[in-house]
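What follows is one structure encoded as structure tokens, with my remarks underneath.
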Amino acid sequence: MSLLEAKDIHFSYGDKTIFAHADIRLFEGEHAALVGPNGSGKTTLLKLLNRELKPDDGRIHKNGKKRVGYLDQYAHIDPERSVEDYLEEAYADLFAKERQMEALYVEAGRVDTDKQERLLNRAAAIGDELVEKNFYAVKSEIGRILGGLGLSTAILSKRIRELSAGMRARIILAKLLLEEADLLLLDEPTNFLDAEHIEWLKRFLADYPKAFLVVSHHEDLLRSVARTVHAIESTRIVRYKGDFAYYLSERTLRRTQQKKAYESQQKFIQRTEEFIEKNIAREKTSKRAKSRRRMLQKLERVKRPVKERTYQFRFPSGRRTGEKVLVVDDLVIGYEEPLVEPLNWTIKRGEKVVITGENGIGKTTFVRTVLEELPTLAGGFTWIDSAQIGYFAQEKPLPGEHTPITFIREHHPDFTRREIMDLLAAHGIDREMGRRKIATLSGGELTKLRLSLLRHVKANVLILDEPTNHLDFKAKQALFEALEDYKGTLILVSHEESFYDKVCDYEITLTTE
């Protein structure tokens with residue numbers, strides 16, 4: 001039985017067609033992955049399925065009795081709400097029943113015996129329902145999900161505004177998992193998760209008794225949990241009836257076959273057109289030439305194989321610095337209270353260092369402190385005088401009404417249009433995408449746009465805060481190669497061990513001990 005079906009969907013952003021004649025059908029209990037390169041429309045499709053966007057044409061039908069849950073890591077939440085209040089909203093109907101039961105017991109104490117028995121029976125029935133739905137284990141279930149995502153129950157008393165970006169994203173994911181919807185639409189759920197918590201999520205999803213459709217650039221997750229793959233290919237959605245390994249193998253086979261079929265047909269078309277051109281005006285052969293022209297007009301053309309995007313990230317280094325680039329001396333970071341013990345270390349010229357630690361421990365706070373965006377609580381730090389710093393900020397908002405072209409022009413007013421287009425193309429943003437509003441771009445496209453700002457910054461110190469979030473495999477590989485070639489000092493914040501292990505010389509882990 002299908003939970004959700006999209007039929008003959010058309011959707012465009014301006015002149016760019018994202019979907020045309022696209023179909024997808026999701027079934028009860030289906031564990032599926034949604035794949036495609038950055039910009040192909042994965043997040044757009046999830047929003048269409050969740051009815052946050054409306055298709056230009058076609059229809060989307062949901063089984064009316066089933067609940068759909070959507071992971072939106074950028075959802076607006078009242079910053080003054082407590083985490084506990086926010087998470088308990090997942091059980092709002094059960095808490096409402098508990099209040100109803102308590103009100104019935106109170107009322108029963110105020111009425112005569114005949115009415116009292118009816119009220120007590122109603123209250124008892126609600127109590128039985130709460131027991132049946134495991135309501136009295138809600139607190140422990142919240143704790144279990146928080147623990148799996150690397151958060152302690154101490155976070156429950158915090159306000160949303162007190163959370164780091166990573167903690168906030170995990171709280172949103174925790175609530176979605178607690179709701180146990182019939183269909184989960186998960187957009188990059190591994191963002192901000194450390195390796196051990198990704199392992200927990202893999203087990204959770206593999207055992208999930210209901211359906212989900214997950215978008216992720218974490219291939220190991222997809223290999224572990226996906227039993228069906230829906231791939232966005234040339235504005236349509238292709239269903240692969242197998243796991244992720246089957247999809248990769250079948251995709252390679254289909255692309256090879258399509259390439260051969262396309263090349264063969266192009267040769268046939270060229271020979272036929274040459275015959276028509278030579279013979280259309282000859283009396284003896286004109287009839288045959290016209291027949292072949294009609295045949296060509298009716299010929300169903302094999303689509304040109306889609307050329308995969310290439311990336312040419314580059315980070316130019318500035319003038320050479322002295323030996324000790326950054327000296328941290330008993331530095332205490334935090335807001336009203338310290339987040340970690342006083343920090344003491346020295347980062348030297350040419351070193352590539354990764355700052356790691358649990359989400360919320362203070363990695364971004366450290367970066368913002370040494371960049372003087374936040375005050376120190378105690379101690380200090382010293383940059384070498386010759387430091388020229390290039391900075392990639394985690395999840396920095398961009399002006400949604402701008403296009404990538406106008407955004408780059410604002411930062412490089414002396415650039416010609418050709419130079420702007422070349423810069424964007426080097427970062428996987430084509431001409432059409434460059435004319436779209438930034439608000440319509442995917443997370444991966446936004447990351448690439450922000451990385452493009454560093455291409456013409458001659459920085460002998462590069463600070464990158466979670467630059468791999470939202471990037472697909474090819475983009476991550478290009479970023480790795482660019483950082484490997486970088487000649488300056490690198491300070492990287494990352495939760496992605498498979499990436500920073502290849503890039504960095506050593507690791508500095510922030511802890512509370």
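The values are calculated or read from the model by the stated rules, or taken from the named source; none is laboratory data. In this text, all values refer to a predicted model and were calculated from it rather than measured experimentally. Every residue, glycine as well, gets a Cβ built from its backbone with ideal geometry; the counts of neighbours run over all protein chains shown. The accessibility values were calculated without ligands, DNA or RNA, using every heavy atom of the protein model including side chains. Shrake-Rupley method; radii C 1.70, N 1.55, O 1.52, S 1.80 Å.
Worth a mention:
- S498 sits with roughly 80 Å² accessible to a 1.4 Å probe, with DNA, RNA and ligands left out of the calculation.
- Take the Cα of F415, step 7 Å toward its Cβ, do the same at N121, and the gap between the two points is 7.6 nm.
- Here's the picture: a label point sits 7 Å out from the Cα of H61 along the beta-carbon direction, and within region 1-38 the residues with their amide nitrogen under 18 Å of it are 1-10, 21-28.
- Straight-distance candidates among the aspartates and glutamates for linking to K348, with alpha-carbon spacing under 15 Å and chain neighbours fewer than 8 residues away dropped: E323, D329, D385, D505, E507.
- Computed lengthening from E323 to F95, 0.36 nm per intervening residue step minus Cα-Cα distance: 76.0 nm
- Label-to-label distance, nm, for residues given as F480 and L53 (7 Å Cα→Cβ offset): 3.0
- Share antiparallel - DSSP beta bridges, the chain, percent rounded to 5: 50
- Share, in percent, of DSSP beta bridges within region 133-277 that are antiparallel, nearest 5: 50
- Extreme residue, positive dipole direction of the chain, given options S291, I60, T511 (C-beta unit charges): S291
- Taking every DSSP helix (H) stretch of at least 4 residues in the chain, weighting each as -39,500 (n - 2.57) and dividing the sum by the residue count yields a mean residue ellipticity at 222 nm of -12500 deg cm²/dmol.
- Global geometry of region 105-192, whether rounded, prolate or oblate, following the gyration tensor of its Cα atoms and the 1.5 cut on a/c: prolate
- In the complete set of protein chains, residue-level accessible area for Y391 is approximately 60 Å², probe 1.4 angstrom.
- Solvent accessible area, Å² - E308, 1.4 Å probe, full protein context: 80
- Percent accessible area from carbon and sulfur atoms, the chain, protein chains only, probe 1.4 Å: 47
- Distant-in-sequence amide H partners of V35 (H built 1.01 Å from N, under 5 Å): H230, A231, I232
- Over 21 Å between alpha carbons, listed pairs K307/K487; K47/K175; K139/K175; K7/K241: K307/K487
- Pairwise label distance in nanometres, E337 with K16, each label 7 Å out on the Cα-Cβ vector: 4.5
- Gain in span if fully extended, V111 to K278, counting 0.36 nm per residue against the direct Cα distance: 49.8 nm
- Residue by residue, region 55-62 carries 3J(HN,Hα) couplings of x, 5, 7, x, 9, 10, 10, 10 Hz when phi is fed to the Karplus relation 6.51 cos²θ - 1.76 cosθ + 1.60 (θ = phi - 60°); x denotes Gly or Pro.
- Theoretical gain in end-to-end length, E308 to E372 [0.36 nm per residue, Cα-Cα removed]: 19.0 nm
- Cα gyration tensor, the chain - rounded (a/c under 1.5), prolate or oblate: oblate
- Eigenvalues of the alpha-carbon gyration tensor of region 28-123, scaled by 5 and square-rooted, set the equivalent ellipsoid semi-axes at 44, 18, 11 angstrom, largest first.
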